[in-house]
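The values are calculated or read from the model by the stated rules, or taken from the named source; none is laboratory data. None of these values were measured; they are calculated from a predicted model. With ideal geometry, Cβ positions are generated from the backbone for all residues, glycine too; neighbour counts draw on all protein chains shown.
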Amino acid sequence: MRGKTNFKRVIKADSKYGSLVIAKLINKIMNNGKKSVAQKIVYDAFDIILEKTKKDPLEVFDQAVKNVSPDVEVKSRRVGGANYQVPTYVSDDRKLTLAFRWLLDAAKNKAGKPMCQKLAFELIDAADNQGGAIKKKQDVYKMAQANRAFAHFAR
């Protein structure tokens, strides 16, 4: 094996809810090391979720992440002279990473509102199986289904 082995960083749970998953979301939102700004966005979004849905924001968040997490994705693989899109199963860590990426991208693409509102509405939509992040998951799933014929190239 070449190079140094990569070690996993230990992430502390967030201060308000004591959840590692929320801490990972805060770290994903964080820009230029401004963690307090990212925490304010997430906690304000959770307050908006509580206000709009009258449900526990942690439950809505967990349901949204579960709904957005993909089971399969396609990876490019070069065989012979051709590149194939090979469908592969997604590990748990990667599921979480992709779910956060798609949720945040869908929230950022909405215009005209503060980030906390956009994130809150995207989480509510994802919990109800709607919104941009769910559409992205469905697109990836369709791509994997279309390329099932190349599944034998996966290692």
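Residues in the range 51-66: is at least one closer than 26 Å to GLY18 by Cα and touching a Lys or Arg at 6+ places or on another chain (Cβ under 7 Å)? Within the range 51-66 (the criterion being closer than 26 Å to GLY18 by Cα and touching a Lys or Arg at 6+ places or on another chain (Cβ under 7 Å)), the answer is no, since none of the residues qualifies. All of LYS55, LYS66, LYS40 fail the test of being at pLDDT below 95, of a type outside the set (Asp, Glu) and surrounded by fewer than 19 Cβ atoms within 10 Å (Cβ to Cβ), apart from LYS55. Against the numbered list (1) surrounded by 12 or more Cβ atoms within 10 Å (Cβ to Cβ); (2) over 28 Å from LEU20 (Cα atoms); (3) in contact with a helix residue (DSSP H, G or I) (Cβ under 9 Å, 6 or more places away or on another chain), ALA111 comes up short only at (1). Would you please name the residue that is surrounded by the most Cβ atoms within 10 Å (Cβ to Cβ), looking only at residues in the range 76-93 that are free of Cβ contacts under 8 Å to residues at least 60 places away in the same chain and not hydroxyl-bearing (Ser, Thr, Tyr)? Only one residue tops the list, namely VAL90.
From the list ILE134, ILE124, exactly one residue is among the β-branched types (Val, Ile, Thr), under 11 Å from the mean Cα position of the chain (by Cα) and in a helix (DSSP H, G or I). Which is it? None of the other options fit; the residue is ILE134.
When each of LEU98, LEU50, LEU119 is tested for being surrounded by fewer than 20 Cβ atoms within 10 Å (Cβ to Cβ), at pLDDT 95 or above and under 29 Å from VAL10 (Cβ atoms), the lone residue that passes is LEU98. Yes or no: PHE150 of a type in the set (Phe, Trp, Tyr) and crowded, with 19+ Cβ neighbours inside 10 Å? Taking the combined requirement at face value, the residue does not satisfy it.
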